[in-house]
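J.: Just passing along the structure, written as C-alpha cells.
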Amino acid sequence: MLFNAGVLSDNGADIATTGTGNWSLIGTVANKYLYGTNSNTTMFQYAIDQDDGTLDVIAGNPYNLGADPHSMAADEQGKYLYVGADKIYILNIGAEGALSNACDPVGDAGFYFKTVIVKTTPE
C-alpha cells in the first residue's frame with residue numbers, strides 16, 4: 001500500500017503479518033512510522049518511506065507485547081505509544097521507530113482497554 005497526498009492505493013506489495021482477530025493501525029507524528037496490532041500478543045512496526053509511502057520493516061519486528069493488544073494512541077511528540085490490552089502498556093518509540101517498554105503496564109488486569117485516548121502536555 002502507498003499513502004501519497006492523502007490517498008491510499010495498492011502498489012502490489014504485500015506485508016507479511018501473522019495472527020488473526022482485532023486489528024488496529026496507527027501512524028505517528030509526521031507519518032514516520034506505522035504500527036499495527038493483532039490478537040496474538042504481537043505488534044508490527046514499519047517505517048513509512050517519506051518519498052513514496054512504502055513500508056519498510058523496522059528491526060525487531062514484530063514486537064512481542066505479551067498481551068493481546070486492542071487499541072493504540074501516540075503522544076503528540078511521537079515519543080510514546082500507548083497500547084490498550086489487559087492493562088495499558090506504555091512503549092518508547094526509538095529514534096529508528098523500534099518499540100521498547102517505557103515502564104511497567106498500568107491498570108486493572110481484569111479489564112480489557114478497547115479504546116485509549118491520550119492528551120499530553122509538551123515538556
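J.: Looking only at region 50-67, count every residue that is closer than 18 Å to Asp104 by Cβ and within 13 Å of the chain's Cα centre (by Cα) and tell me the total.
T.: Adding up the residues that qualify gives 3.
J.: Can you spot a residue in region 92-112 that is surrounded by fewer than 19 Cβ atoms within 10 Å (Cβ to Cβ), under 20 Å from Trp23 (Cβ atoms) and at pLDDT below 85?
T.: The answer is yes, given that some residue of region 92-112 is surrounded by fewer than 19 Cβ atoms within 10 Å (Cβ to Cβ), under 20 Å from Trp23 (Cβ atoms) and at pLDDT below 85.
J.: Hey, can you tell me all the residues within region 86-104 that are over 14 Å from Gly36 (Cβ atoms) and small (Gly, Ala, Ser)?
T.: Result: Gly94, Ala95, Ala98, Ser100, Ala102.
J.: Go through the residues of region 40-61 one by one and say whether even a single one is out of contact with any Cys (no Cβ under 7 Å at 6 or more places or on another chain) and at pLDDT below 80.
T.: Within region 40-61, one or more residues are out of contact with any Cys (no Cβ under 7 Å at 6 or more places or on another chain) and at pLDDT below 80.
J.: Follow-up. Given the condition of a type in the set (A, V, I, L, M), out of contact with any His (no Cβ under 8 Å at 6 or more places or on another chain) and modelled with pLDDT of 80 or more, answer yes or no: does some residue in region 9-31 qualify?
T.: yes
The values are calculated or read from the model by the stated rules, or taken from the named source; none is laboratory data. Everything quoted here is computed from the prediction, not taken from an experiment. Neighbour counts are summed over all protein chains in view; Cβ atoms, including those assigned to glycine, are modelled from backbone coordinates with ideal geometry.
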